[in-house]
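> Would you mind keeping the following structure in view while I ask a few things?
The values are calculated or read from the model by the stated rules, or taken from the named source; none is laboratory data. No experiment lies behind these values; they were computed from the predicted model shown. We place every Cβ from the backbone using ideal geometry, glycine too, and count neighbours over all the protein chains shown.
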Amino acid sequence: MVTFTSRRREPELVAPVRTTAREIKYLSDIDNQRSLPGRIRELQPDGRLVVECTAEGVAFVEADVEVSLEDLGEPLQPPYPCVAELVCDLDDTKAAAGRPLVFFQVTRFSCGGFAVGVHWCHDMLDGFGICMFMKAHLLGYEPLGDSAAATEEEDVMLTTPPAHMVGQYFLFGPAEISAIRSHVPARLAPYCTVFDLLAALVWRCRTAALGYGPDQRVRFTFASNARRGWKRDPPIPDGFYGCALVFPVAETTAGELCGSGGLGRAAELVRKAKLEVDDEYMRSTVEMMAHRKWPPLVLERTYVVSDITTIGEDAVDFGWGKRVGGGIPMVCDVINKLLTYFMKCKSADGDECTVVSMYLPREAMEKSAAQISAWSKSPKE
């Protein structure tokens, strides 16, 4: 695999082109959309977050690499080599107070293509929001080319040092999806989306590979976009780019999830959690957060999915030609060890595919990869 080092220029701050009011704005309980050129401050003693509208701007870094996009492989799909060279070098990704709220790095390749690496404060924006934000700022450009709270026993996922964990990407095309669907009961299979099938498969295989006891509780949660699905009176206006995610949860025992019966039970649980997200669910979530603030996340035996296949980043047009690839780099911190991203790409045959990222301890990864391959490569007779 090709390796390279980016030549980064000195970071600069891109300030607003017009004068903005110098003020402090409080973040609301879920829709924390406010001034991106400002800085987050934490008020004492309750730790409430505010944005100080300082007009200092967002961070921008210009970089070059001496490789072409073709050198990264065709078709272009994760894992991308040297991905850390394509995003800003941040000293501490967890610290938000007093820092720019968005970091951009634009890296030019020798072929004329470029990569846009974005790091943003999740208190202010979610994945849908950052894509909406970029689209809004790119409308005037013409194309140049073709148009953690521990509540139970310790979890091996939390106790394994990062050096003993490995990251891996799994590619699922139409053939694999068809094979996975064949392992779901006929009464349920026609109603399962690609998300349902992949979430059920990976949750089951991951749980079995980690060796949890049959009576231990395991959880599945995923990021659900609160901008969609409102039957009436949506409280989130069009164009809102703040953080608007809710996280439904499915819970069962490892024995029930991984028992006999194919992928049926896992698919049922995933679909049930997804279908529970309605107007009442989202409003009650906002009300709960207003009274209790952010509840502690139970990390033990919790599998988290963020599906970015529909956030719209593939439609962001920088006026420099068509998008050829994109995704989320793996970072092995506490949360990302539990987190899987579903990303969009194309196969060598041009088929629309989903790439799934995953971190696991080495031995568990071998077991999980073998099970994923067995389920997705061998249709049920």
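> Would you confirm, using the coordinates I've provided, whether Ala374 is outside any loop (DSSP other than H, G, I, E, B), within 20 Å of Glu154 (Cα to Cα) and either of a type outside the set (D, E, K, R) or modelled with pLDDT of 85 or more (or both)?
Considered against the rule, which asks whether it is outside any loop (DSSP other than H, G, I, E, B), within 20 Å of Glu154 (Cα to Cα) and either of a type outside the set (D, E, K, R) or modelled with pLDDT of 85 or more (or both), Ala374 comes out as no.
> Moving to a separate point now. Can you find a residue that is farther than 26 Å from Lys380 by Cα, part of a strand (DSSP E or B) and modelled with pLDDT of 80 or more anywhere in the stretch 278-293?
no
> Report yes if Val166 is surrounded by fewer than 21 Cβ atoms within 10 Å (Cβ to Cβ), modelled with pLDDT under 95 and among the aliphatic types (A, V, I, L, M), otherwise no.
It is true that Val166 is surrounded by fewer than 21 Cβ atoms within 10 Å (Cβ to Cβ), modelled with pLDDT under 95 and among the aliphatic types (A, V, I, L, M).
> Also, I was wondering about something else. Any idea which residue in the stretch 23-78 is farthest from the chain's Cα centre (by Cα), counting only those that are at pLDDT below 70 and assigned to a strand (DSSP E or B)?
Filtering the stretch 23-78 for residues that are at pLDDT below 70 and assigned to a strand (DSSP E or B), the one farthest from the chain's Cα centre (by Cα) comes out as Ile24.
> Can you work out which of the residues in the stretch 330-349 that are of a type in the set (S, T, N, Q) and either over 20 Å from Phe220 (Cα atoms) or assigned to a helix (DSSP H, G or I) (or both) is modelled with the highest pLDDT?
Ser347
> Within the stretch 88-102, is there a residue that is modelled with pLDDT of 85 or more and under 26 Å from Val246 (Cα atoms)?
So far as the stretch 88-102 goes, yes, one or more of its residues are modelled with pLDDT of 85 or more and under 26 Å from Val246 (Cα atoms).
> As an exercise: evaluate Ile311 against (1) out of contact with any strand residue (DSSP E or B) (no Cβ under 7 Å at 6 or more places or on another chain); (2) of a type outside the set (Phe, Trp, Tyr); (3) in a helix (DSSP H, G or I); (4) at pLDDT below 85 and give the number of the one condition it does not meet.
(3)
> Starting from residues that are out of contact with any helix residue (DSSP H, G or I) (no Cβ under 9 Å at 6 or more places or on another chain) and in a helix (DSSP H, G or I), keep the ones in the stretch 251-272 and report whichever is farthest from Ser378 (Cα to Cα). Step through it out loud before you land on a result.
Taking the stretch 251-272 as the starting set, the residues that turn out to be out of contact with any helix residue (DSSP H, G or I) (no Cβ under 9 Å at 6 or more places or on another chain) are 253, 255, 260-261, 272.
Of the ones still in play, those that are also in a helix (DSSP H, G or I) are 255, 272.
Numbers: Gly255: 23, Lys272: 26 Å.
Result: Lys272.
Quick grid of which residues meet (1) within 21 Å of the chain's Cα centre (by Cα); (2) acidic (Asp, Glu); (3) at pLDDT 85 or above:
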| site | (1), (2), (3) |
| --- | --- |
| Thr107 | no, no, yes |
| Gly112 | no, no, no |
| Asp126 | yes, yes, no |
| Gly140 | no, no, no |
